[in-house]
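Derivation of every value follows stated rules applied to the coordinates shown; laboratory data play no part. From a predicted model like this one, the values you see are computed outputs, not experimental measurements.
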Amino acid sequence: MKWSNQFTGRLQGIDFKLVSWLQNIPRGLIYFLPWVLLFPFVRFSKFHDYAEQRLARGLAWGIAVPFLVLNFVPGALPRYSMPVIAPASWLLAMGCAGPALQWPWEKGTRDDQTWAKIVALFVGVGLIVGGIGYPVTAVVLRNRQQVKKAAAEINSVVPPNETLYAVDPEYQPVFFYVKAPLEYVSSVQELPADARFFLVQTDKETEATNTSRWASARAHLRARVRDYRKRELLLFEVGP
């Protein structure tokens, strides 16, 4: 339910930002640096086996079409296209082993020794980035993960065995990290009589505070949760 609602929100273009959307393809290509720089030099005709040529073309289509489609979805994020790294790695491995890498100005002959040095250089760069760059980045970003911080605030209030009701929440990535079971409702009036915890957006604060939905109880504001978009979600608990 969490995944379906969040993905639906992305398809509907909720929280759409044109500048970020235009950067999807360049940012998606960065995930496969430096190897993506070699793809323009792969020549399908250099595969001697016809079956390999067909496989290489199939992999190319299997990379290009999903990559473009996923990154053109309104509200999509570059990481959604990361699964194409698998066929991209396969195709590039075939090109290196073929060998099917060739400079545009080469006519009939290949400089295999130069390509071997380039591939070795890229392997070295990949090892350095993977061994040093990623751990350093993880440490730097640890305290900047606003989504997980917001989820931690919710988890500190809502027990994991209590249902958390989200009232017309739109797209909220924080829900991926909430431990309590989630239920979605369209309005405060749709909250069940036994609801104990619920979330609303700021425009529904007055309604949530003053609702007479519960005869012998009322909603108490427990937390104001701010996510990476600087938007607030209000967490209420129903009690005496």
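Descriptive notes on the structure:
- Global geometry of the stretch 10-144, whether rounded, prolate or oblate, following the gyration tensor of its Cα atoms and the 1.5 cut on a/c: oblate
- Cα gyration tensor category, rounded, prolate or oblate, for the chain with a/c compared to 1.5: prolate
- Where both bridge residues fall in the chain, DSSP classifies roughly 65% of the beta bridges as antiparallel.
- Pairs over the 18 Å Cα-Cα cut-off, from the set Lys149/Lys204; Lys179/Lys230; Lys148/Lys230; Lys148/Lys204: Lys149/Lys204; Lys179/Lys230; Lys148/Lys204.
- Length gained when the stretch Lys117-Asn210 is fully extended (0.36 nm per residue, less Cα-Cα span): 26.4 nm
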